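**Q** A single structure is presented below for examination.
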Amino acid sequence: MANSCWIGVKTLTIRVCLSFSKAYVQTSTDPNLPNRLLLRDRFDHAVIVAKNENMTVNMLYLDLDHFKQINDSLGYGIGDQVLVEVANRLQHCIPATATMSRLSGDEFVILLTGKYDVPGIAEIGNTIREEFSIPFSVNKEVVNLSCSIGIGLYPIDGEDFDTLLKHSHTALNSAKEAGRNTYRFFTRDMNAGLVEQIRLTGGLAGAVRNNEFTLHYQPQIDIKTGKIIAAEALVRWQHPIDGLIAPGKFIGLAERSGHIIQIGEWVINEACRHARIWQDKYPVPPVVAVNLSALQFKRGDVLKMVSNALAVSGLRPELLELELTESILLQDVETTIKSLHGLKELGVKLSIDDFGTGYSSLSYLKRLSVDKLKIDQSFVRDMLSDPDGASIVKAIIQLGHNLQLTVIAEGVETAAQLAFLQESACDEAQGYLFSRPVPVEQFVQLIEQGDKK
């Protein structure tokens, strides 16, 4: 049976141009600069035509999602063939008057010239997404592929080629941050947001150096007893000017800049330090859960880092739980599994975070020897209003129990949601119904209040 996977590709250059209103595809391994020059020339010509005939010029900047993964799974040869198929499919999604150019390994730019309004451009974006929803078949391999699209409009978003290209790319990044497999039109707010990201990224090195981070803890509850049994450690940036910054604003930047490795090491050590205090203070101390990033596995020595944190703090290993995202499994699988087995030998617990939203694989679950599955909050949010959502939650709980795993639901906000989870035999819950993430002092108060009940 053909294998299904996410994909990524190497360096095949494809150019789709128009000659006497007929599209053709040219493939080569030439550098990308001529393609960019050709695109610029087509843009300049399109602007002249648009001005003379009262038409619009629109730029769609397209990037294939998770494109790099084919390098590690199917190889460059298959990837090159998929890339050719991508170009062929795109031809069917764009009008004959459009120009498509490939800028790099996974980036295409489409110029639309004509009398388009915003809904008309959006329709083309949706057409492309629908076309990509059909799996690609290359050499008996089945490849699932999606794309993100950024859209810029001339002259509103840029009166020259470079500005419009930059703003279209900014919109593309916004589409990726929105979860990929979607499109976004450029807005001025995006540009301001880009400047803000650059500013925060520049401050990360100083934040690491000056120890500007702090931990908040969100309780995890045993559904049967209502007692706090664990807490997830969540990092915050205590910025000297901006004040307390939530992780959603800087974790992605830290991932891209590489600072997440240093930040992650600080989080492990600080969480273990706090947990050691609770170990000495309470007869049944709470387990502390810490997220590990894919980059920590790829570029850091996770096993050594965790071993050192346990040794320095004196924390019993069973009181530390490491939360793994499913994306960790997409990189160097054998090395990752070896590291995870080493962590299990230390005695720490392992859980799969956001289960069901990524590369869920029963074979990997068996090999990883994880202790817990964490149901993603998107399923919890929809389970009372959507029969499919309810079925997914029940299925994950049953799967976890069949594999002798603990199951926890995150994002629990209402008593009705808690009642449904209780009826479905879910083991643990986490969410605003119980508490928001709070500083360590407030978390200690929550523990002691619970002990008095």
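The values are calculated or read from the model by the stated rules, or taken from the named source; none is laboratory data. Computed from a prediction, not measured in an experiment: that's the story for all the values here. Quick reminder, even Gly has a Cβ in these numbers, built from the backbone with ideal geometry, and neighbours come from all protein chains shown. Side chains are part of the model used for accessible areas, which takes the heavy atoms of the whole protein and leaves out ligands, DNA and RNA. Shrake-Rupley method; radii C 1.70, N 1.55, O 1.52, S 1.80 Å.
**Q** Checking the structure you have, find out if any residue of region 398-407 is within 27 Å of Leu320 (Cβ to Cβ), surrounded by 14 or more Cβ atoms within 10 Å (Cβ to Cβ), of a type in the set (Gly, Ala, Ser) and within 25 Å of the chain's Cα centre (by Cα).
**A** Checked region 398-407: at least one residue is within 27 Å of Leu320 (Cβ to Cβ), surrounded by 14 or more Cβ atoms within 10 Å (Cβ to Cβ), of a type in the set (Gly, Ala, Ser) and within 25 Å of the chain's Cα centre (by Cα).
**Q** Further, regarding this structure: Show the residue pairs that are 6+ apart or on different chains and have beta-carbon atoms under 8 Å apart, the first residue being within region 101-122 and in contact (Cβ under 8 Å) with a residue 24 or more places away in the chain, the second being surrounded by fewer than 15 Cβ atoms within 10 Å (Cβ to Cβ) and among the hydrophobic types (A, V, I, L, M, F, W, C).
**A** Every condition considered, the pairs that remain are Ser101/Leu38; Thr113/Val49.
Table: residues versus (1) in contact with a Ser or Thr (Cβ under 9 Å, 6 or more places away or on another chain); (2) assigned to a helix (DSSP H, G or I).
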position	(1), (2)
Asp157	yes, no
Leu165	no, yes
Ala171	yes, yes
Asn181	yes, no
Asp189	no, yes
Val208	no, yes
His216	no, no
Ala233	no, no
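**Q** Which residue is surrounded by the fewest Cβ atoms within 10 Å (Cβ to Cβ), if the candidates are limited to region 276-321 and must be under 22 Å from Leu405 (Cβ atoms) and among the small types (Gly, Ala, Ser)?
**A** Across region 276-321, the extreme among qualifying residues is Ala294.
Results for (1) without any contact (Cβ under 8 Å) to a residue 40 or more places away in the chain; (2) open to solvent by 10 Å² or more (accessible area, probe 1.4 Å); (3) under 19 Å from the mean Cα position of the chain (by Cα), shown as yes or no for each residue.
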{"residue": "Phe43", "(1), (2), (3)": "no, no, no"}
{"residue": "Val49", "(1), (2), (3)": "no, yes, no"}
{"residue": "Asn54", "(1), (2), (3)": "no, yes, no"}
{"residue": "Val57", "(1), (2), (3)": "no, no, no"}
{"residue": "Leu60", "(1), (2), (3)": "no, no, no"}
{"residue": "Asp63", "(1), (2), (3)": "no, no, yes"}
{"residue": "His66", "(1), (2), (3)": "no, yes, yes"}
{"residue": "Ile78", "(1), (2), (3)": "no, yes, no"}
{"residue": "Leu83", "(1), (2), (3)": "no, no, no"}
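**Q** Of the residues Ala231, Ala205, which single one is open to solvent by 20 Å² or more (accessible area, probe 1.4 Å) and farther than 30 Å from Val118 by Cβ? If you could, list the steps in order and put the result at the bottom.
**A** On the way: Ala231 fails: open to solvent by 20 Å² or more (accessible area, probe 1.4 Å).
On inspection, the qualifying residue turns out to be Ala205.
**Q** Would you confirm whether or not region 129-151 contains a residue that is open to solvent by less than 50 Å² (accessible area, probe 1.4 Å) and assigned to a loop (DSSP other than H, G, I, E, B)?
**A** yes
**Q** Which residue out of Asp30, Asp72 is part of a loop (DSSP other than H, G, I, E, B) and modelled with pLDDT under 85?
**A** Values: Asp72 fails: part of a loop (DSSP other than H, G, I, E, B).
It is Asp30.
**Q** What number of residues within region 361-397 satisfy the criterion of being of a type in the set (Ser, Thr, Tyr), surrounded by fewer than 14 Cβ atoms within 10 Å (Cβ to Cβ) and not in a loop (DSSP other than H, G, I, E, B)?
**A** Here the count works out to 2.
**Q** Shifting gears a bit: Could you please find all residues in region 90-112 being surrounded by fewer than 19 Cβ atoms within 10 Å (Cβ to Cβ) and of a type in the set (Ser, Thr, Tyr)?
**A** Thr97, Ser104
**Q** Residue check: is Asn126 polar (S, T, N, Q), within 15 Å of Arg180 (Cα to Cα) and surrounded by fewer than 23 Cβ atoms within 10 Å (Cβ to Cβ)?
**A** Spelling it out, Asn126 is indeed polar (S, T, N, Q), within 15 Å of Arg180 (Cα to Cα) and surrounded by fewer than 23 Cβ atoms within 10 Å (Cβ to Cβ).
**Q** So in region 408-436, with the set limited to residues that are open to solvent by less than 30 Å² (accessible area, probe 1.4 Å) and assigned to a loop (DSSP other than H, G, I, E, B), which one is farthest from Trp237 (Cα to Cα)?
**A** Ser424
**Q** Checking the condition modelled with pLDDT of 95 or more and either assigned to a helix (DSSP H, G or I) or farther than 16 Å from Ser385 by Cα (or both), which residue from Gln442, Gln449 passes?
**A** On the way: Gln449 fails: modelled with pLDDT of 95 or more.
Residue meeting the stated conditions: Gln442.
**Q** Just to verify a result, which residue in region 266-301, among those that are within 23 Å of the chain's Cα centre (by Cα) and either outside any helix (DSSP H, G or I) or more than 20 Å from Ser339 (Cα to Cα) (or both), is modelled with the lowest pLDDT? Explain how you work it out, then say what you get.
**A** Going residue by residue through region 266-301, those that are within 23 Å of the chain's Cα centre (by Cα) are 266-268, 289-301.
Filter once more, keeping what is either outside any helix (DSSP H, G or I) or more than 20 Å from Ser339 (Cα to Cα) (or both): 289-293, 300-301.
On the way: Ala289: 97, Val290: 97, Asn291: 93, Leu292: 90, Ser293: 85, Gly300: 70, Asp301: 86.
The extreme case among them is Gly300.
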